[in-house]
Structure formats: C-alpha cells, structure tokens
Amino acid sequence: MSRTKLKRFTEISERHNVLEDNKPLYQQLKGNWNKDYFPKDQPITLELACGKAHYTTGLAAEFPDRNFIGIDVKGDRLWVGSTIALENNLTNTAFLRAQIEHLDQFFDQNEVSEIWITFPDPRPRKRDMKRRLTSPRFLELYKQVMKPGGIVNFKTDNTQLFEYTLELFEDRKDIELIDHTFDLYNSPLNELHYGICTDFERKFKEKGEDIKYLRFKFKA
C-alpha cells in the first residue's frame, strides 16, 4: 500500500464525517441518521458507489435543506469527498464506508428520499449480472429503504447496462419509469443532473460516448 493511501486512511479514521467500522456510531446508524449524525432533520439522498463523491458534495452545496450520504468501500476515494465537504463546511454531508449490498444494515424503511447511481461498474460478464447496481437484488434493497415516491437516478455511459436496466423495468409491475434518455446532454432532461460531472463521465464524454440517464420510483 502506498504512503498516500496509508496517510488518507489514517486521516479518515479521525474525521467525524466518515463513518467506518472502527467508530462506535457505525453500528447505530440505521434509522438514526437525522437523530444522531446530521445537525438538521432533512430528507436524505444517497450516492451509491460514490467514488470521489462528486454528487454528494455537489448536491449538498446546491441543496442545503437536504442531507447527503456518499457510500463506497474504498477509503482513499471517500477521503476526497470528505476533504471537499470539510473545506466547504458542508455539514449536510456524510461518507459511509460500506458495501452497497449491506445497505439495509445502515438504513431503515422509509429513511431515504432519493438515490443517485452514477457510472457504476457495468459488470459485462453474465456471471457478474447479479453484481450490477441495477440488478434485481439491488433494486429490492433500494425498495426497502426508500420513502414512498422517492426517486432513483441512474447515469451511465454503458449502453449494454442501460438497456439491461430498461428491460428489467419492463417486467416489473412495482417500478414506474419516469424519464429516460440515451443522450442526456442533448435532451430536455439535461438540467436534472445539475451540471455535475464525475471524472468517469468527463473521460467518456471526451471519447465521444453519449451519456445515458433515467429516473424511476417504486409504486406504492
């Protein structure tokens, strides 16, 4: 492990805005985010597999009346988002170091108002389909923690993953597809991502890839 990573791991272990398993609050978060962590009781938005947490920090600055949590298993990436949040005094942010498949261990039913899934690993091999963040097993997790009418946003450059997701929705009676586009930046939906661009997104745009976007909700 590099010195930089070791330094970052040490720093996030001492930061209040990064929650990981070496901290007492970590095991008590479920159902208690707006009670025990955030200073204000506000709607909660999650950014899943957040990486450097572009959406967590970008949306937190845009919407101070909401709370935002970036979730990723890689501490050196969470360090980036955590640093931005501290430097900009974004007290409506938190960073959770955890696996997405354990989402129900950290959030109670009806605790989450919105989810962003931005440029996840497409997992192109058939044997890895269940690991896609829009696969049925993950959709069930989202359904467990979302408030009624809560919105899930999904952005990707990967056409195969996007089409896979749309096909899944066709077979599900509990999902309402609100909007979708295969070319976000030339779509009326462009304003819905608030101009926030991740590193992956910028890289794929430079290669000429169209950015795909959809949003959906679970029916009551």
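Would you be able to say whether some residue in region 191-198 is closer than 14 Å to Thr134 by Cβ and surrounded by 15 or more Cβ atoms within 10 Å (Cβ to Cβ)? No, region 191-198 has no match at all. Of the residues in region 55-66, not one is in a helix (DSSP H, G or I), touching a residue at least 40 places away in the same chain (Cβ under 8 Å) and either out of contact with any Phe, Trp or Tyr (no Cβ under 9 Å at 6 or more places or on another chain) or β-branched (Val, Ile, Thr) (or both). Total residues in region 91-133 satisfying the condition of being assigned to a loop (DSSP other than H, G, I, E, B) and among the polar types (S, T, N, Q): the figure is 5. Looking at Lys30, Lys52, just one residue is among the basic types (Lys, Arg) and under 22 Å from Lys147 (Cα atoms), and that residue is Lys30. Consider region 1-54 and keep the residues that are in contact with a Gly (Cβ under 9 Å, 6 or more places away or on another chain) and assigned to a helix (DSSP H, G or I). The one that is nearest to Val152 (Cα to Cα) is His54. Applying the condition of being modelled with pLDDT under 95 and of a type in the set (D, E, K, R) to region 53-94 and asking which residue is nearest to Leu6 (Cα to Cα) yields Asp76. Applying the set (1) on the phi < 0 side of the Ramachandran plot; (2) exposed (fewer than 15 other Cβ atoms within 10 Å of the Cβ) to Ala98 leaves exactly one unmet item: (2).
Taking (1) of a type in the set (Val, Ile, Thr); (2) surrounded by fewer than 14 Cβ atoms within 10 Å (Cβ to Cβ); (3) touching a helix residue (DSSP H, G or I) at 6+ places or on another chain (Cβ under 7 Å) in turn, Thr4 satisfies each apart from (3).
The values are calculated or read from the model by the stated rules, or taken from the named source; none is laboratory data. All figures in this text were calculated on a predicted structure; none of them were measured in a lab. In this analysis, Cβ positions are derived from the backbone assuming ideal geometry, glycine residues included, and neighbour counts consider all displayed protein chains.
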